[in-house]
Amino acid sequence: IVHLVRVRNVPRSEVGFEVTTYVRMFLRTRSVRFGAGSTWPVRYNTSDPVWNTARRLALPNVPGELFLHIEVLETTAMGTSVQLGVGEVSLAALSEAAPTTVPVRAARGQHCAAVV
């Protein structure tokens with residue numbers, strides 16, 4: 001189970017507006033993606049969207065280190081999705097005791113972070 005608390009400092013649109021954001025996550029090894037993952041719903045017009053909800057991701061029984069892959073996406077007015085940034089963290093680095101801040105490499109050269 002992955003608990004997404006929030007995303008901080010979501011990059012603004014190219015024209016300076018706050019964006020409509022959603023998050024998609026899945027598990028992977030260094031080379032293979034597992035399962036369909038899960039998507040958190042859209043949050044409208046904010047640079048610090050909050051979800052504070054959990055989703056179940058199927059834990060594959062594979063050798064080697066597993067990573068949580070995080071994608072922050074924008075829904076445009078035309079209904080298309082644009083990737084704003086990507087982050088990844090080893091499952092071993094996550095803690096049940098406290099949220100972990102995961103850096104997200106933003107597409108527009110800005111920095112944001114997912115708190116899981």
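The values are calculated or read from the model by the stated rules, or taken from the named source; none is laboratory data. In this text the structure is predicted, and so the values were computed from the model without any measurement. Cβ placement follows ideal geometry from the backbone for every residue including glycine, while neighbour counts extend to all protein chains displayed. Ligands, DNA and RNA are stripped out before the accessible areas are found, and what is left, the full protein with its side chains, is counted by its heavy atoms. Shrake-Rupley method; radii C 1.70, N 1.55, O 1.52, S 1.80 Å.
Screening PRO60 with (1) part of a loop (DSSP other than H, G, I, E, B); (2) under 13 Å from the mean Cα position of the chain (by Cα); (3) not hydroxyl-bearing (Ser, Thr, Tyr) gives one miss only, at (2). Does ASN52 satisfy being touching a residue at least 24 places away in the same chain (Cβ under 8 Å) and either touching a helix residue (DSSP H, G or I) at 6+ places or on another chain (Cβ under 6 Å) or part of a loop (DSSP other than H, G, I, E, B) (or both)? Judged against the criteria, ASN52 is not a match.
One residue alone among ALA93, ALA97 is open to solvent by 80 Å² or more (accessible area, probe 1.4 Å) and either small (Gly, Ala, Ser) or at pLDDT 95 or above (or both), and that residue is ALA97.
Sort out which residues of the stretch 70-98 are of a type in the set (D, E, K, R) and either part of a loop (DSSP other than H, G, I, E, B) or in contact with a Lys or Arg (Cβ under 6 Å, 6 or more places away or on another chain) (or both), and write them in order of number. Across the stretch 70-98, the qualifying residues are GLU71, GLU96. Checked against the criteria, GLU18 does not count as farther than 18 Å from SER95 by Cβ and at pLDDT 90 or above. Per the conditions (1) of a type in the set (Gly, Ala, Ser); (2) surrounded by 14 or more Cβ atoms within 10 Å (Cβ to Cβ); (3) over 19 Å from VAL7 (Cβ atoms), the sole criterion not satisfied by GLY85 is (3). Only a single item in (1) under 17 Å from VAL102 (Cβ atoms); (2) at pLDDT below 95 is not met by ARG33, and it is number (1). Only one of the numbered conditions (1) surrounded by 14 or more Cβ atoms within 10 Å (Cβ to Cβ); (2) among the acidic types (Asp, Glu); (3) modelled with pLDDT under 90 is violated by GLU71, and that is (3).
For the stretch 52-72, the criterion of a residue being in contact with a Ser or Thr (Cβ under 8 Å, 6 or more places away or on another chain), of a type in the set (S, T, N, Q) and closer than 15 Å to ALA113 by Cα is satisfied by no position. In the set (1) more than 17 Å from LEU4 (Cα to Cα); (2) in contact with a helix residue (DSSP H, G or I) (Cβ under 9 Å, 6 or more places away or on another chain); (3) surrounded by 14 or more Cβ atoms within 10 Å (Cβ to Cβ), ALA107 fails one condition alone, (2). Across the stretch 4-57, the number of residues qualifying as surrounded by 12 or more Cβ atoms within 10 Å (Cβ to Cβ), of a type outside the set (D, E, K, R) and touching a Leu at 6+ places or on another chain (Cβ under 8 Å) comes to 18.
Criterion applied to PRO49, PRO60 was being modelled with pLDDT of 90 or more and not hydroxyl-bearing (Ser, Thr, Tyr), and the one residue passing it is PRO49.
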